[in-house]
Each structure stands twice: as C-alpha cells, then as structure tokens.
1. Six or more apart or on different chains, Cβ under 6 Å: which pairs go from a residue in segment 37-56 that's over 14 Å from residue 146 (Cα atoms) to one that's of a type in the set (Ser, Thr, Tyr) and modelled with pLDDT of 75 or more? Could you list them?
2. Tell me, yes or no, whether segment 102-124 has at least one residue that is surrounded by 14 or more Cβ atoms within 10 Å (Cβ to Cβ) and touching an Asp or Glu at 6+ places or on another chain (Cβ under 9 Å).
3. Taking segment 91-101, which residues are touching a residue at least 24 places away in the same chain (Cβ under 8 Å) and open to solvent by 70 Å² or more (accessible area, probe 1.4 Å)?
4. Where in segment 35-143 are the helices (runs of 4 or more DSSP H), entirely inside, with at least 2 residues that are at pLDDT 85 or above?
5. Residue check, residue 88 against (1) more than 23 Å from residue 158 (Cβ to Cβ); (2) aromatic (Phe, Trp, Tyr); (3) in contact with a Gly (Cβ under 9 Å, 6 or more places away or on another chain), all met but one. Which one?
6. For residues that are open to solvent by 30 Å² or more (accessible area, probe 1.4 Å) and under 35 Å from the mean Cα position of the chain (by Cα), scanning just segment 125-135, find the one that is nearest to residue 42 (Cα to Cα).
Amino acid sequence: MTEKNLTIIEHIDEIRKRLMIIVVFFVVAVAGSFFIAKPIIQFLQSDVVAEEITLNAFNVLDPIMIYLKVIIFLAVIIISPVIMYQLWAFISPGLHETERRATLNYIPFTFFLFIGGVAFSYFVLLPYVMKFMMNLSTDLDIVQTIGINEYFSFLFQLLIPFGIIFQLPIVLLFLTRLGILDPATLVKIRKYAYFTLFVIAAFITPPDLFSHLFVTVPLFALYEISIFISRFGYRKYLKAEQQREAEEVQTEQQRKLEEVRAEQQRQIDEVMGQQE
C-alpha cells in the first residue's frame with residue numbers, strides 16, 4: 001500500500017469521526033428541540049404574519065410532519081457551531097498556527113449571522129411577501145385556502161436561504177484571511193456579484209419592484225460590508241506572510257550557520273586526526 005493510499009484512508013477515517021460527532025450532537029439537539037418545537041409552532045401560527053390566515057391540514061400526517069420539520073430545523077441551528085467547528089478541525093491541519101487561531105475565532109459569528117439572516121427574512125421580508133400575495137389573491141378574486149404544511153415549507157424556503165446568504169461576510173473574511181481572495185479581486189468582480197445577488201433576490205421575492213429592491217439593496221450592502229471586513233483579514237494575512245517569510249529567512253540562515261560550523265568542526269577533526 002502506497003503512502004498516498006494511507007493518506008486517503010486517514011482522511012476518510014477523519015471524515016468519518018467528524019461526521020459521527022455531528023450525528024451525536026444532532027441526536028441530542030433533536031431530543032432537546034422536541035420540547036421547544038410546540039411553543040415555536042404556536043408562536044408562528046399566532047404571530048402578526050399569520051394571524052390573518054387560517055392554516056388547514058389537508059393530510060392526516062400534516063401535524064406530525066410540521067412537528068418534525070421544526071424539530072430538525074431547530075436542531076440544525078443549534079448544532080451549526082458544532083458543524084462549523086468540525087469543518088474547521090478537518091481543514092486546520094493544513095493551516096499555519098496563526099491561521100488556525102484566526103479562523104477558529106470566526107465560528108461563533110457564523111451562528112449569529114445565520115440567526116440574523118433568519119430574523120431579517122422573517123420580521124422584515126415575510127410580512128411584505130404575505131401582504132403582496134394576499135392582495136394579489138384579492139385582486140384576482142381568489143379565495144386562498146392555505147395548508148399548514150405548505151405554509152411552513154414556504155416559510156423554511158424563505159428563512160434558510162437568507163440564513164445562508166448572511167454568511168457572506170464570514171466566508172469572504174475567511175478566504176481573504178487565507179490569501180485565497182483579496183479585496184481588490186472582490187472589488188473587480190463587484191458587478192458580477194451584484195448581478196448574482198440581483199438574480200437571487202428575484203427568485204425569493206414577489207414579482208414587484210418594491211419588494212425586489214427591498215431585498216436587493218440589503219444584499220448589495222451586505223456585499224459591500226463583506227469587502228470592508230475582508231480588508232482587515234487581508235492585512236492580517238499579509239502581516240502573517242511577512243512574519244512567516246522572516247522566520248523562514250532566519251531559519252535558513254541558522255541552517256547555513258550550523259552547516260558552516262559543522263564543516264569547520266569536520267576540518268578541525270581531520271587536522272587533529274592527521275597530527276595523531
């Protein structure tokens with residue numbers, strides 16, 4: 001078996017251990033979420049967003065399906081720091097010490113940014129989406145009979161993407177901190193990033209200009225904030241690179257000095273041997 005095969009097996013074993021840790025924490029989080037899922041479901045049903053609509057169950061299994069969806073959603077949110085840590089722990093052996101310490105500090109912020117994205121989509125975006133849909137139904141003389149399963153599925157489809165999109169500052173900061181990206185590149189691709197965010201906003205908002213701009217502008221601001229934050233990460237990367245190069249030069253000089261000393265000692269030993 002070659003060294004390469006051993007390395008591949010070691011990586012697979014490492015992934016397996018990381019996944020097992022995540023599964024254990026997920027099972028514990030599911031057990032804990034079981035007790036808080038009911039009040040959260042009741043809150044979502046009685047909140048201002050849903051108080052004007054009647055949620056119906058069109059299937060016998062709809063209540064349990066909603067319960068399970070909320071439990072899994074809560075469990076994933078709860079263990080998201082664990083998932084991020086296990087991902088960091090898997091790639092950290094390939095990082096330098098300063099990079100490991102710096103990137104480890106980003107993990108708590110990913111959780112808060114995800115919660116921030118979920119909160120933005122629920123408290124800011126969702127009311128406009130629901131109002132638009134209800135007004136459109138009235139204009140078209142359509143009586144909406146909304147299923148609770150469909151409503152919660154729509155809710156998760158709106159919340160989860162924004163929770164992920166709000167990770168953008170941390171992702172770009174992480175990449176610039178490792179030197180994979182730099183702020184100049186982010187500025188250069190700004191128009192392409194804006195177009196991508198514009199398309200994403202078009203998919204997750206109602207087809208009216210105000211709602212589209214209501215989502216697009218915060219996304220553009222999020223990208224600009226990401227560029228601003230990435231500059232700090234890139235400065236630290238450059239500083240770390242300079243320090244690393246200085247340490248490498250010092251190490252190389254030390255190695256050459258030791259070689260010179262060893263050569264001098266060898267010559268002395270030869271002269272002493274000839275005199276004897």
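The values are calculated or read from the model by the stated rules, or taken from the named source; none is laboratory data. Computed from a predicted model, the values in this text were never measured in an experiment. Note: ideal-geometry Cβ built from the backbone for every residue, glycine included; neighbour counts use all protein chains shown. With ligands, DNA and RNA removed, areas are computed over all heavy atoms of the protein, side chains included. Shrake-Rupley method; radii C 1.70, N 1.55, O 1.52, S 1.80 Å.
1. Every condition considered, the pairs that remain are 37/67.
2. For segment 102-124, residues surrounded by 14 or more Cβ atoms within 10 Å (Cβ to Cβ) and touching an Asp or Glu at 6+ places or on another chain (Cβ under 9 Å): present.
3. Across segment 91-101, the qualifying residue is only 96.
4. It comes to 62-91, 107-120.
5. Checking residue 88 against (1) more than 23 Å from residue 158 (Cβ to Cβ); (2) aromatic (Phe, Trp, Tyr); (3) in contact with a Gly (Cβ under 9 Å, 6 or more places away or on another chain), the one that fails is (3).
6. 127
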